[in-house]
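Some notes on the structure that comes next.
Throughout, read-outs are computed from the coordinates displayed, never taken from laboratory work. Quick caveat, the model's predicted, so the values are computed rather than measured. Note that we place each Cβ from the backbone using ideal geometry, even for glycine, and neighbour counts take in every protein chain shown.
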Number of protein chains: 2
Amino acid sequence: MPESPITPRAQDFAAWYQDVVIEGDMAEPAEIVKGCMVIKANGYAVWERIQREFDDRFKATGHQNLYFPLLIPQSFLQKEAEHVEGFSPELAVVTVAGGKQLEEPYVIRPTSETIIGHFFSKWIQSWRDLPVLVNQWANIIRWELRTRMFLRTTEFLWQEGHTAHANHEEAVEEVLRILDIYAEVAEDIMAMPVIKGVKTQAEKFAGALRSYSIEAMMQNGLALQAGTSHDLGQNFGKAFNVQFQSKEGQLDYVWQTSWGVSTRLIGGVIMSHSDDKGLVLPPKLAPTKAVLVPIYRKDDERGRVLEAAHRIAKDVGAKVDDREGQSPGAKFFHWERLGVPVVLELGPRDLASNNIVLKRRDTGVKEPLPQAELATRLPAALAQMQTGLYSRALARMKSNTVLASSIGEVESILRDVTAEKGGGQFVMAHLKDDPACDARMKEFKATIRNIPLVDHFDGPGKCIVTGEPVDRRVVIAKAY
Amino acid sequence: MPESPITPRAQDFAAWYQDVVIEGDMAEPAEIVKGCMVIKANGYAVWERIQREFDDRFKATGHQNLYFPLLIPQSFLQKEAEHVEGFSPELAVVTVAGGKQLEEPYVIRPTSETIIGHFFSKWIQSWRDLPVLVNQWANIIRWELRTRMFLRTTEFLWQEGHTAHANHEEAVEEVLRILDIYAEVAEDIMAMPVIKGVKTQAEKFAGALRSYSIEAMMQNGLALQAGTSHDLGQNFGKAFNVQFQSKEGQLDYVWQTSWGVSTRLIGGVIMSHSDDKGLVLPPKLAPTKAVLVPIYRKDDERGRVLEAAHRIAKDVGAKVDDREGQSPGAKFFHWERLGVPVVLELGPRDLASNNIVLKRRDTGVKEPLPQAELATRLPAALAQMQTGLYSRALARMKSNTVLASSIGEVESILRDVTAEKGGGQFVMAHLKDDPACDARMKEFKATIRNIPLVDHFDGPGKCIVTGEPVDRRVVIAKAY
């Protein structure tokens, strides 16, 4: 057996992740463009699946897709004070175009609240124009210092939803509706359990009143912010003068929301389920759900096996790997590393016994079964794998979630955790939503991930930093 | 009847086009970003339909979607001499990022041959790695002086295919395979007849051996280059050192192709079929194929009409416009301007007689028919409209195609043609593929659109500029 091209998780989790990404044909670093990657065929196919799942749900809840310019006049960023402060260090700036120095530079969108605010002010005059519910699938540039494929790259692909409402209540409903969609796709399709919650004031989006997030736990125990939904209040409405006449005839600023998920989700899926053999994709997300590898040694077996392989595969919607010049063993490794949920094997002996062998990617278990049962057993295996991956990830998250009742305790749990060595936990502690508390966590490189919307622990308590009473425990972790 | 917001074609074709685009919720100018537009909901929905049609065909012919970085090191553009000369004047350049002046600026991709050439050189070593067949859906920036929504904008959306082959023959096969796909979608889905041909050397893509195009005729008789497919030869292979070991063990440069269609196609569809009432979309392309407008005057009619409307609409897959506070007349104008192929009307009298009224967008003819027949008559009407739009566009192209046998004749036919006034024709004349002949056409602002792959005229003749013998007539026209 050839040596695995994949570093074991236990040895170096970060190296393992990079190996899985590359061997899984998901992405490769584009070292010639700082912090960028090429999204390869398997990675882009997964992104197309993710897009489909979200896009269908956005449309079903009344959102329409639009497309706004990539370039934003630099002055637009400056109209919302917190926004410019948050994004300025990360901007890529176009200063020359068409052979000339530009009078006003453009920034490449780091997010589109500002330019969309500009258009909302043109489109919205009356309560009759509300709500406005738009979404955009686009590329984004944020000049990041430390990058990691999918998880944090200078350029990434995402969707950004932007909505305007007549009052705060409707805006908050929208924010939570989207957070639910994010959690549903993360859990049901990606088999990645998440904690829905509100970010602290120190961690909110630059320009928002309140940011909500879904937080997932990777196999090394680090947290991944997998999606955010922002209650922007009237901040951008005021910055871009988006006013409307209310039903009562009064002029008011709109209440806005924005929300996004990105190619970062792909990194989350990879780090949730993959193993030392390579990528593992949940069946509902996998672009290819099953591949049949025909096995034959002699030329006279070839025709019979291939004929049966294509017939059986067609019946169950599997792909046949009939490439010549590749051994069955090489094919097994190939599909294993690409994360295909089920590989079927069919050889001359199977033909003789009317059997076929089904191998699940997650358990590695090979099971011979009658060909006649495949049409029911394959979907059942895929459904079991989907449930199994979710349960396993949920159990891991639960067993790596601990309570702490002092700052020293939090620090000692998280002190030695790194992305490479792992050992991360979600530490649940009572902490006030106060920048001083966030700053205290930063001292040992942890963050308050969010304040869960639902309390699954012991209710109110005293903040372990300030001693003040707080509603419930927050999630503290080291994070990507 | 309110005054139409749409300028009649006969009065000013360019103003008509802009009005149709805006009133059809297709796009609006983004005046704050030079030469850009916002693609609005109806326009983006059409783009999603176009993407689906092409993407399915690309995948069925073995292509995979990947995603490459938006930013390209400036030095990459300079590696292919013709390429840099062609694109330099149109580049947008990022000189500052992350708060610092960059040592080497990046250009925003005007097309991706160079950065993809870089990766091909990493991925391709042997004939076993070939062919490589990739496609990318992406945004592009080219700093254009004169812009027009969809037809020519600073930023546009497109797909760009990039392939590498072991020999020239296979590359040419690919170029023509894609040209056929482009023509098929243009004609079968967009109902827009096209002429497939090869561009002259003067008009080819910067860096190609040969460029092929599909050319369509707009209602004002101007030509629109609707898609291009390039035989790149070994030019980029040599510039980026993409070498492979052949079956015979020799080192050779790959033969590459690239090909693209863009949001420009949407402009082509609009200018092919729309009328003075607004947008007309071919049924196969229309995001919404039929809308049912319920008609009722009194409250006691409302419930019965709406119940029947939803029941009937559900059966035939139509959308019900049950908005309150909008008159049926306002709804008819609304859907007319959005280009919905069929509008159904249902009122109390129709209910009593078990009829429904079907109105086709292209002909404007209203036809009452038994509700029981709608399930067969609606698809039939859509199919007839699809065929009708194509036939009408084809007849228009034929009747506006003329032969010319002298340069004076070509000039007199095209002299007074403008995008505003129209009167354009396709002038078929014998012309040599020689930059001197292209230059002669430029004197009266016309261009050789392409040399058709199939000669539908009188075979060989003498070039009307040089007098030399040439194979067949070329297409000369004023163009977007």
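Listed values, structure above:
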quantity: Pairs of alpha carbons in the stretch B:401-477 whose separation is greater than 15 Å (percent); calculated: 49 percent
quantity: More than 16 angstrom apart: percent of Cα pairs within the stretch A:287-336; calculated: 38 percent
quantity: For the stretch A:401-477, share of DSSP beta bridges that run antiparallel, in % to the nearest 5; calculated: 75 percent
quantity: On Cα atoms only, tilt of B:113-123 relative to the major axis of chain B in degrees; calculated: 70 degrees
quantity: Copy-to-copy label separations for B:Thr363, where each label sits 7 Å from Cα toward Cβ, in nm and ascending; calculated: 6.2
quantity: Ellipticity estimate at 222 nm from DSSP helix runs (n ≥ 4, -39,500 (n - 2.57)) divided over the protein assembly as shown, nearest 500; calculated: -10500 deg cm²/dmol
quantity: Alpha carbon convex hull of chain A, projected area averaged over orientations, nm²; calculated: 27.1 nm²
quantity: Extreme residue, positive dipole direction of the stretch B:290-382, given options B:Val320, B:Val357, B:Ala381 (C-beta unit charges); calculated: B:Ala381
quantity: HN-Hα J in Hz across the stretch B:385-392 - Karplus 6.51, -1.76, 1.60, θ = phi - 60°, x for Gly and Pro; calculated: 5, 4, 5, x, 5, 5, 4, 5
quantity: Cα convex hull volume per residue for the stretch A:278-402 (Å³); calculated: 98 Å³
quantity: Cα gyration tensor category, rounded, prolate or oblate, for the stretch A:13-273 with a/c compared to 1.5; calculated: oblate
quantity: Dimensionless Rg ratio for the stretch B:191-285, taking C-alpha atoms and the 2.2 N^0.38 Å reference; calculated: 1.49
quantity: Copies compared at B:Lys314 - label distances in nm, ascending, label defined 7 Å from Cα in the Cβ direction; calculated: 3.7
quantity: Rg/Rh for the stretch B:125-260, where both radii come from Cα atoms and Rh is the Kirkwood radius; calculated: 1.02
quantity: DSSP beta bridge pairing in the stretch A:290-384, given as percent antiparallel to the nearest 5; calculated: 55 percent
quantity: Amide H within-cut-off set for A:Tyr212, under 5 Å, with H built and near neighbours excluded; calculated: A:Lys199, A:Ser229, A:His230, A:Asp231
quantity: Exposure proxy order (Cβ contacts within 10 Å, fewest to most) of A:Ser412, B:Ser399, B:Ser112; calculated: B:Ser399, A:Ser412, B:Ser112
quantity: Protection proxy ranking, peptides A:448-454, A:40-46, A:142-148, B:91-97, average beta carbon neighbours within 10 Å, highest first; calculated: A:40-46, B:91-97, A:448-454, A:142-148
quantity: Average beta carbon contacts from partner chains per residue of B:105-111, 10 Å cutoff; calculated: 3
quantity: Cleavage-rule hits (GluC sites (Glu not before Pro)) in the stretch A:243-352: DSSP loop, at most 11 neighbouring Cβ within 10 angstrom; calculated: A:Glu248, A:Glu324
quantity: Violating pairs (Cα-Cα greater than 31 angstrom) within the set A:Lys238/B:Lys331; A:Lys34/A:Lys100; A:Lys79/A:Lys421; B:Lys398/B:Lys421; calculated: A:Lys238/B:Lys331; A:Lys79/A:Lys421
quantity: Label point 7 Å beyond Cα along the C-beta direction, distances from A:Glu85 to other copies (nm, shortest first); calculated: 5.3
quantity: Geometric extent, Cα atoms of the protein assembly as shown - Rg, Dmax (angstrom); calculated: 30.2, 96
quantity: Average beta carbon contacts from partner chains per residue of B:133-140, 10 Å cutoff; calculated: 2
quantity: Whole-angstrom gap from the stretch A:246-280 to the stretch A:346-392, using each part's C-alpha centre; calculated: 35 Å
quantity: Between helix B:13-23 and chain B: long-axis angle, C-alpha atoms, 0 to 90°, nearest 10; calculated: 60 degrees
quantity: Trypsin sites (Lys or Arg not before Pro) within the stretch A:198-284, DSSP loop, no more than 11 other Cβ atoms inside 10 Å; calculated: A:Lys247
quantity: Within the stretch B:220-335: Cβ-based charge dipole about Cα centre, in debye rounded to nearest 20 (Lys, Arg +1; Asp, Glu -1); calculated: 200 debye
quantity: Chain A - share of DSSP beta bridges that are antiparallel (%, nearest 5); calculated: 85 percent
quantity: Shielding score for B:35-41, defined as the mean number of other chain Cβ atoms within 10 Å; calculated: 6
quantity: Total charge dipole magnitude, the stretch A:21-99, about the Cα centre, Cβ charges on Lys, Arg, Asp, Glu only, Debye to nearest 20; calculated: 260 debye
quantity: Angle between chain A longest axis and helix A:328-337 axis [Cα atoms, degrees, rounded to 10]; calculated: 10 degrees
quantity: Top positive-direction residue, dipole computed over chain A with Cβ charges, set A:Val269, A:Ala10, A:Val96; calculated: A:Ala10
quantity: Charge dipole magnitude, Cβ of K and R +1, D and E -1 - the stretch B:290-382, Cα centre, debye nearest 20; calculated: 160 debye
quantity: B:Asp433, A:Asp455 arranged by Cβ crowding within 10 Å, fewest neighbours leading; calculated: A:Asp455, B:Asp433
